[in-house]
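Structure first, then comments.
Just so it is clear, none of the values below were taken in a lab; they were calculated from the coordinates. Model, not experiment: these values are computed from the prediction. So basically every Cβ, Gly included, is an ideal-geometry build from the backbone, and we count neighbours across all protein chains shown.
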Amino acid sequence: MGNHMKNLIFLFLLLQSGLLFAAEQTVILSISGMTCTVCPITVKKSLQKVAGVKSVTVSYESKTAAVVFDDQLTKVENLLKATENAGYPATVSKNTH
Ligand SMILES: [Cu+2]
């Protein structure tokens, strides 16, 4: 087996382990300050701007945001910071894998 082939296999293994470690996490945030139906849109946009966020579902009724994110790229603190900067301080209500 040539060196070239070995490098390819190494790269392949590296990629595979990367995929294994890149864990998708879902967090439910309690959002405060949402007073009208436009607010959830602002909250959603602020969260979508965070690198690593895959999907955002904001519920005006329950004042929560369900955020799916890659924990290799971002962490919950960044999500909280994003909504706070948009004017909606949030707390973690549920953290699931
Ligand atoms: Cu509003």
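Show which lysines lie in cross-link reach of Lys54 when reach means a straight Cα distance below 19 angstrom and same-chain residues fewer than eight apart are skipped.
List returned: Lys44, Lys45, Lys75, Lys81, Lys94.
Suppose every Lys and Arg Cβ carries +1 and every Asp and Glu Cβ carries -1, with no other charges. What dipole size does the range 23-96 come out with about its Cα centre, to the nearest 20 debye? Write out the running numbers ahead of the final one.
Working: 8 positive and 6 negative charges, 31 e Å.
The calculation lands at about 140 debye.
Compute the length gained on full extension between Asp70 and Met5: take 0.36 nm times their separation in residues and subtract their Cα-Cα distance, giving the result in nm to one decimal.
Details: separation 65, 0.36 × 65 = 23.40 nm, distance 3.11 nm.
Fully extending the segment from Asp70 to Met5 adds 20.3 nm.
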